[in-house]
1. List, in order, the whole-Hz ³J(HN,Hα) value for each residue of the stretch 69-81 obtained from phi through the Karplus relation with A = 6.51, B = -1.76, C = 1.60 and θ = phi - 60°; use x for Gly and Pro.
2. Write down the percent of antiparallel bridges among all DSSP beta bridges whose residues are both part of the stretch 94-220, to the nearest 5.
3. I'd like the GluC sites (Glu not before Pro) in the stretch 60-154 restricted to DSSP loop residues with at most 13 other Cβ atoms within 10 Å, sorted by number.
4. Round to the nearest 0.05 the FRET efficiency obtained for ASP227 and ASP190 when R0 = 25 Å and r is the Cβ-Cβ distance.
5. Find the relative contact order for the stretch 84-135 and round it to a whole percent, using C-alpha pairs within less than 8 Å whose residues are 6+ positions apart.
6. Where a ≥ b ≥ c are the square roots of the eigenvalues of the C-alpha gyration tensor, would you call the stretch 86-160 rounded, which needs a/c under 1.5, or, failing that, prolate if a/b is larger than b/c, or oblate?
7. Could you work out how far the C-alpha centroid of the stretch 71-142 sits from that of the stretch 183-207, in angstrom?
8. Could you quote the convex hull projected area for the stretch 90-231, Cα atoms only and averaged over all directions, in nm²?
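Throughout, read-outs are computed from the coordinates displayed, never taken from laboratory work. As the structure is a computational prediction, the values presented were derived from the model and not from experiment. Neighbour counts run over all protein chains shown; Cβ positions are idealised from the backbone, glycine included.
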Amino acid sequence: MGASRLARLALAAALVAGACGGDTADNPAATDDPAAASAEHTGRTEVVTDDGETLAVWIHGTPATSPATVVLAHMRGSDHTSWEPFAARLVDAGFAAVTFDFRGYGESTGERDTRLDVDLAAVVAAVRAAGAPVVVTIGASMGGTAVLATADELDVDTAVALSAPARFGDLDASAPGLPADRLVLVAAADDHPYVDDLGAIAAATGARLVVLDGSRHGTGLFADHGDELTRLLLELVETAVAT
């Protein structure tokens with residue numbers, strides 16, 4: 001990543017820190033609704049990938065001063081907004097969160113469903129440039145495949161995949177190189193073939209596998225298991241910080 005990109009991220013982080021300083025009385029977006037609450041903590045910026053695409057990125061909280069920053073990768077047919085409610089929970093718990101649109105989705109340029117690994121690498125590099133001491137990646141469906149496929153190369157502190165296929169496009173997540181104690185796989189019991197793919201990865205690597213009731217997929221798991229899944233993910237971030 002070039003010096004100009006690092007400078008943009010440093011500036012974005014400073015702007016977010018300033019934007020988050022207001023109190024509720026001065027901010028009509030600050031409500032009890034998780035999606036609305038996340039807007040209180042959000043600053044939009046852009047990250048340029050190594051192959052020249054421009055990704056729209058939203059920073060929740062302040063990576064440099066938070067104990068951990070969680071990068072949230074969305075599933076196919078969705079965009080960054082699918083992670084906004086959980087991003088708000090992370091901020092409420094004292095962490096920072098980063099949501100983004102993969103190329104071709106939302107406000108990002110490029111052809112969709114390609115080079116997810118390059119996109120995720122660019123966002124993680126930007127988060128580290130902003131000063132994040134601990135980086136956790138969590139992805140849903142295709143975003144989870146990207147998280148697993150890049151976990152070793154990016155050397156994230158913890159990688160979590162929700163309902164991820166073992167393969168998506170050119171990405172192969174069947175053998176993530178990250179140590180097993182830093183990998184967590186989550187799927188619904190009746191969400192085939194995704195629960196089967198993650199079960200095979202867990203068996204091959206020793207990664208922790210969490211199987212939830214039902215057939216919800218990706219961030220749709222929050223609809224049936226919101227409290228349970230939120231607690232699990234927050235605990236994983238806390239563990240990443242502690243270790």
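1. Karplus values, whole Hz, x for Gly and Pro: 10, 10, 8, 10, 9, 7, 8, 4, x, 10, 7, 4, 5.
2. So the antiparallel bridges amount to about 10 percent of the total.
3. GLU111
4. Values: r = 20 Å, r/R0 = 0.81.
Calculated value: 0.80.
5. Numbers: 31 pairs, mean separation 9.4, N = 52.
This gives 18 percent for the stretch 84-135.
6. Values: a/c = 1.63, a/b = 1.35, b/c = 1.20.
Taking the square roots of the gyration eigenvalues as a ≥ b ≥ c, the stretch 86-160 is prolate.
7. 22
8. On the way: hull surface 33.8 nm².
In nm², the orientation-averaged hull projection of the stretch 90-231 is 8.5.
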